[in-house]
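Written below as structure tokens is the structure these notes are about.
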């Protein structure tokens with residue numbers, strides 16, 4: 001099989017970089033993007049290079065960042081601006097390849113295989129991308145290159161970000177010598193909990209993991225363990241398929257709650273509001289869903305609790321009246337009555353919606369008509385123009401989240 005040329009382009013401190021691009025007066029100053037300090041969202045979402053020099057990092061509370069750097073400039077997040085910049089960067093990268101796959105709002109994969117005659121050596125093409133993104137957006141881009149997406153990701157995260165030119169390359173021949181000496185937590189896919197698991201069995205470097213038998217990893221941690229073993233050896237069978245991003249398999253919404261939610265009634269109210277939002281987004285696609293997935297995360301960081309469960313709907317639907325009873329059933333069956341910090345709902349198994357036939361009951365057709373009428377009102381006058389009376393009760397998040405993107409102001 002011919003070797004591929006895969007690149008991962010990552011934008012440095014993306015949210016903070018967008019803010020300094022929009023407001024040049026912030027350039028060269030410590031900048032931290034964070035939500036409302038009065039709520040749980042008062043945590044650092046992004047920090048500029050100057051802020052990181054003081055030890056400020058993503059996930060810290062705003063008060064702690066202020067203590068580390070009293071003159072840090074706090075900026076409220078503007079999600080629509082970040083989305084616009086991300087799309088602009090995508091359009092720049094698409095000049096170099098027709099195989100561009102956004103991985104996150106600030107990371108994008110490119111497949112440059114076979115483009116040398118058109119673009120020159122990949123290293124030169126990467127340098128051109130970095131320069132053009134800087135000129136067009138004012139954002140510093142770092143690029144990792146490899147023979148597969150995993151190698152490109154490791155090259156970018158562990159090496160390119162530390163290079164002045166913002167570029168680094170890994171391949172099957174150099175991977176072990178450069179990557180294996182790194183600590184196990186530097187391997188893509190290894191979080192804090194998995195690091196503790198590896199430390200318990202004496203695995204402290206990526207090379208230690210690569211030396212373990214593959215079957216041992218599969219027996220102990222299943223498919224996830226085998227994937228980590230492959231990652232340690234630089235093996236990745238995935239490909240860059242831009243169509244995968246367009247063929248959305250599901251629609252979901254996850255929210256961090258502004259406080260620990262303890263009462264069942266308040267939690268179920270938020271779940272009802274989220275069900276309304278997710279169902280609306282499915283309807284906007286002209287589709288219906290066959291499966292609902294519910295995610296709940298406990299409030300205790302030291303002793304994580306929660307659950308993630310899914311269930312088939314009695315019949316495919318995209319109306320909250322039809323979907324919420326299954327959400328409520330999942331919640332009541334699996335919630336352990338401990339406080340929750342975050343909840344999420346997603347609908348999968350999407351298919352094209354067809355108008356209800358006369359074979360369905362009058363009630364089903366009335367519910368469909370009611371849902372359609374409500375959509376028209378909300379689209380014209382806003383999300384809060386028509387709502388359930390229950391959203392006036394304590395715990396509701398409808399009004400706080402209306403007009404926000406990803407939980408933050410647009």
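Among the numbered conditions (1) at pLDDT 95 or above; (2) surrounded by fewer than 17 Cβ atoms within 10 Å (Cβ to Cβ), the only one that residue 36 does not meet is (1).
Only a single item in (1) closer than 30 Å to residue 257 by Cβ; (2) out of contact with any helix residue (DSSP H, G or I) (no Cβ under 7 Å at 6 or more places or on another chain); (3) free of Cβ contacts under 8 Å to residues at least 40 places away in the same chain is not met by residue 120, and it is number (1). Is it true that some residue in the stretch 223-230 is assigned by TED's automatic domain parsing to the domain that holds residue 338, loosely packed, with under 15 Cβ neighbours inside 10 Å and modelled with pLDDT under 95? Within the stretch 223-230, none of the residues are assigned by TED's automatic domain parsing to the domain that holds residue 338, loosely packed, with under 15 Cβ neighbours inside 10 Å and modelled with pLDDT under 95. Taking the stretch 1-35 as the range and being within 20 Å of residue 136 (Cα to Cα), more than 23 Å from the chain's Cα centre (by Cα) and outside any helix (DSSP H, G or I) as the test, the residues that pass are 23, 27, 28. Within the stretch 134-158, restricting attention to residues that are more than 13 Å from residue 234 (Cβ to Cβ) and without any contact (Cβ under 8 Å) to a residue 40 or more places away in the chain, the residue that is surrounded by the most Cβ atoms within 10 Å (Cβ to Cβ) is 134. Out of all the residues in the stretch 78-94, is one or more within 20 Å of residue 169 (Cα to Cα), modelled with pLDDT of 90 or more and in the same structural domain as residue 10 (by TED's automatic domain parsing)? The answer is yes; a qualifying residue exists.
When 195, 204, 200 are checked against the criterion of being surrounded by fewer than 13 Cβ atoms within 10 Å (Cβ to Cβ) and over 28 Å from residue 130 (Cβ atoms), 200 stands alone in meeting it.
How about the stretch 279-353: which strands (runs of 3 or more DSSP E) wholly inside it have at least 3 residues that are more than 23 Å from the chain's Cα centre (by Cα) and surrounded by fewer than 16 Cβ atoms within 10 Å (Cβ to Cβ)?
Details: elements: 287-298, 306-317, 340-348.
Ranges flagged: 306-317.
When 172, 176 are checked against the criterion of being closer than 28 Å to residue 5 by Cβ and outside any loop (DSSP other than H, G, I, E, B), a single residue qualifies: 176.
Do we find a residue being in the same structural domain as residue 256 (by TED's automatic domain parsing), without any contact (Cβ under 8 Å) to a residue 40 or more places away in the chain, closer than 16 Å to residue 256 by Cα and touching a helix residue (DSSP H, G or I) at 6+ places or on another chain (Cβ under 8 Å) anywhere in the stretch 306-316? For the stretch 306-316, residues in the same structural domain as residue 256 (by TED's automatic domain parsing), without any contact (Cβ under 8 Å) to a residue 40 or more places away in the chain, closer than 16 Å to residue 256 by Cα and touching a helix residue (DSSP H, G or I) at 6+ places or on another chain (Cβ under 8 Å): present.
Does the stretch 109-124 contain any residue that is touching a strand residue (DSSP E or B) at 6+ places or on another chain (Cβ under 8 Å), surrounded by fewer than 20 Cβ atoms within 10 Å (Cβ to Cβ) and within 26 Å of residue 52 (Cα to Cα)? Walk me through how you get there before you give the answer.
Let us first name the residues in the stretch 109-124 that are touching a strand residue (DSSP E or B) at 6+ places or on another chain (Cβ under 8 Å), namely 109-113, 122-123.
From the residues that got through so far, the ones that are surrounded by fewer than 20 Cβ atoms within 10 Å (Cβ to Cβ) too are 113, 123.
Now narrow it down to the ones that are within 26 Å of residue 52 (Cα to Cα): none.
There is no residue in the stretch 109-124 that is touching a strand residue (DSSP E or B) at 6+ places or on another chain (Cβ under 8 Å), surrounded by fewer than 20 Cβ atoms within 10 Å (Cβ to Cβ) and within 26 Å of residue 52 (Cα to Cα).
Restricting the stretch 159-171 to residues that are in contact with a helix residue (DSSP H, G or I) (Cβ under 8 Å, 6 or more places away or on another chain) and surrounded by fewer than 18 Cβ atoms within 10 Å (Cβ to Cβ), which is nearest to residue 53 (Cα to Cα)? Steps first, answer last, please.
Let us first name the residues in the stretch 159-171 that are in contact with a helix residue (DSSP H, G or I) (Cβ under 8 Å, 6 or more places away or on another chain), namely 159, 165-171.
Still in the list and also surrounded by fewer than 18 Cβ atoms within 10 Å (Cβ to Cβ): 165, 171.
Working: 165: 19, 171: 31 Å.
My answer is 165.
The residues of the stretch 82-108 that are buried (at least 16 other Cβ atoms within 10 Å of the Cβ) and more than 17 Å from the chain's Cα centre (by Cα), listed by number, are 89, 92, 93, 96, 97, 99, 100.
Of all residues in the stretch 64-85, at least one satisfies being in contact with a strand residue (DSSP E or B) (Cβ under 9 Å, 6 or more places away or on another chain), under 24 Å from residue 165 (Cβ atoms) and part of a helix (DSSP H, G or I).
For residue 186, the criteria (1) on the phi < 0 side of the Ramachandran plot; (2) at pLDDT below 95; (3) out of contact with any strand residue (DSSP E or B) (no Cβ under 7 Å at 6 or more places or on another chain); (4) surrounded by fewer than 18 Cβ atoms within 10 Å (Cβ to Cβ) hold in every case but one, which is (2).
The values are calculated or read from the model by the stated rules, or taken from the named source; none is laboratory data. Predicted, not measured: the structure shown is a model, and the values here were computed from it. In this analysis, Cβ positions are derived from the backbone assuming ideal geometry, glycine residues included, and neighbour counts consider all displayed protein chains.
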